[in-house]
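Nothing in this text is a laboratory measurement; each read-out follows from the coordinates by a stated rule. For clarity, every value in this text was computed on a predicted model and none was experimentally measured. Cβ placement follows ideal geometry from the backbone for every residue including glycine, while neighbour counts extend to all protein chains displayed.
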């Protein structure tokens, strides 16, 4: 009887330890699929909040449904799957649903002048809802869209068709229609890229977008407007840009001021995610330092995007740079958010 009781106790203690283990404020990529034992051990040790899937993952036709179950069983908590599915040139679903059409933001922006704002909003809502339903079918929880940045004067080579309009009000209305449709379809939207990088005309993957001579008052009159509805949603992504008139030392990702703007001026109480930290705009410091700096500045979740060839041991060494108090604070916040805003899926 004692042996039996002791065995039950060990099982219970094991279960409690899994539940009690802190979740890391990270969204990771999958290196190999099917998961190899070394990667499973790494994932279990890191215990991330979620995973993001990029173009090459969909080309490899990863079975996200079975992978979601495998990761949930491994970690013992809900695991969130993220994708970029804006439509147009940013279309991950083309490899899964090749016959479906996903128009770009610029397509809908042009429609406003042809059929009016209200009709266009209904079209955006319906397409976003359909997209979210398809994402839900393959176990994706969060769509990293809408892109609520404003198209700048002149040609923007990087964003091209990814932005709705030059007009802040149109961007706000269409972005909100996209967000509402996404939620209606069973997924969560993520507004991006706060507070905007498009004015610079530069690609943050390659260079630091420097937004010269723009003040906080300028942002309030223009860039902040499309982000006003974000307080009703769960996720917002911080973009990489340098605003010298606001903070001449740090890009927005590493600047406490920009997180204060989100919390104070936009009254956002959800989770702020960094854009990919492997972009050139984040500088030449180590990926671990980038993670620590962004989380210390005010981000809730970091997306490191480790180099594919980086060993799991080296990745863990970088992740050990995250201050323990930040992980503890993140887990406390998760409990508050999940209590008031339970998972849709």
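In table form, for the structure just shown:
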item: Theoretical ellipticity at 222 nm over the chain - DSSP helices of four or more residues, -39500 (n - 2.57) apiece, nearest 500; result: -13000 deg cm²/dmol
item: Overall dimensions of the stretch 23-340 as given by Cα atoms, namely Rg and Dmax in Å; result: 18.8, 56
item: Peptides ranked, highest mean first, by Cβ atoms within 10 Å: ranges 101-110, 177-186, 215-224; result: 177-186, 101-110, 215-224
item: The chain: angle of helix 324-340 to the longest principal axis, Cα-based, in degrees nearest 10; result: 70 degrees
item: Degrees separating the helix 105-115 axis from the principal Cα axis of the chain, which is the longest one; result: 40 degrees
item: Ascending count of other beta-carbon atoms within 10 Å, so fewest first, for 285, 291, 326; result: 285, 326, 291
item: Between helix 64-75 and the chain: long-axis angle, C-alpha atoms, 0 to 90°, nearest 10; result: 50 degrees
item: Residue exposure sequence - 70, 313 - by fewest surrounding Cβ within 10 Å; result: 313, 70
item: Cα centroid separation - the stretch 38-84 against the stretch 168-210, whole Å; result: 25 Å
item: Neighbour-count order for 197, 339, fewest beta carbons within 10 angstrom listed first; result: 339, 197
item: Mean separation of Cα contacts under 8 Å (6+ apart) over length of the chain, as relative contact order %; result: 15 percent
